[in-house]
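What follows is calculated from the coordinates using simple rules that are stated; it is not laboratory data. As the structure is a prediction and not an experimental result, all values here were calculated from the model. FYI the Cβ positions are ideal-geometry reconstructions off the backbone, even for glycines, and counts take in every protein chain you see.
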Amino acid sequence: MFFFLNFQNKFLFKKETAIAIAKEANILPKSYEHTKDSLQVMEGYRFQELSGGLKDDLKSAKDLFAFDKATEDLVVLARSTPENKYQLVTGLKELGNIVAVTGLIYKLINM
């Protein structure tokens, strides 16, 4: 299960804020300690680097193995762009997951 924690002004809120909110909402355990190498909480740019991006047709992951590895432990995707979310949903669907989406990303997925 993945949770997107995004805010209108992403410059005011950092990954630490997303972690604090995720702990408060019991998405992450209260004992969670983020480390540099942790893949449970990722910012959009890091997710993009690790997952390999989308193919030019935007219909599938460039590297499904890299995507699967990048999302293996992912719980919170913080400070993510609509494109990051689209890539996450596209890759999860490609791996055979059932994905439900609400909000603005719906328009991207149904292009």
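Pull out the extension gain between ASN97 and ASP57, defined as 0.36 nm times the separation in residues minus the alpha carbon to alpha carbon distance; nm, one decimal.
Numbers: separation 40, 0.36 × 40 = 14.40 nm, distance 2.04 nm.
Separation in residues times 0.36 nm, less the Cα-Cα distance, equals 12.4 nm.
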Counting only residues 5 or more places away or on other chains, whose amide H sits under 5 Å from the amide H of LEU54 once H atoms are built in the peptide plane?
LYS62
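Neighbouring Cβ atoms within 10 Å as the yardstick, rank ASP57, ASP63 fewest first. Could the numbers behind the result be given before it?
Values: ASP57 6, ASP63 14.
Arranged by neighbour count, lowest to highest, ASP57, ASP63 become ASP57, ASP63.
Find, among the GluC sites (Glu not before Pro) in the range 29-88, those assigned to loop by DSSP (not H, G, I, E, B) with at most 13 other beta-carbon atoms within 10 angstrom.
Numbers: sites: GLU33, GLU43, GLU49, GLU72, GLU83; in loops: GLU33, GLU72.
Those satisfying the criteria are GLU33, GLU72.
Please give the length that would be gained between THR17 and ALA66 if that part of the chain were fully extended, namely 0.36 nm times their separation in residues minus their C-alpha to C-alpha distance (nm, one decimal). Mind showing how you got there, number by number?
On the way: separation 49, 0.36 × 49 = 17.64 nm, distance 2.72 nm.
Computed gain between THR17 and ALA66 is 14.9 nm.
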In the range 19-77, the trypsin sites (Lys or Arg not before Pro) that fall in loop regions by DSSP, at most 14 other Cβ within 10 Å:
LYS30, LYS36, LYS55, LYS59, LYS62
Proxy exposure order for THR35, THR71, THR17 (fewest C-beta within 10 Å first) is THR35, THR17, THR71
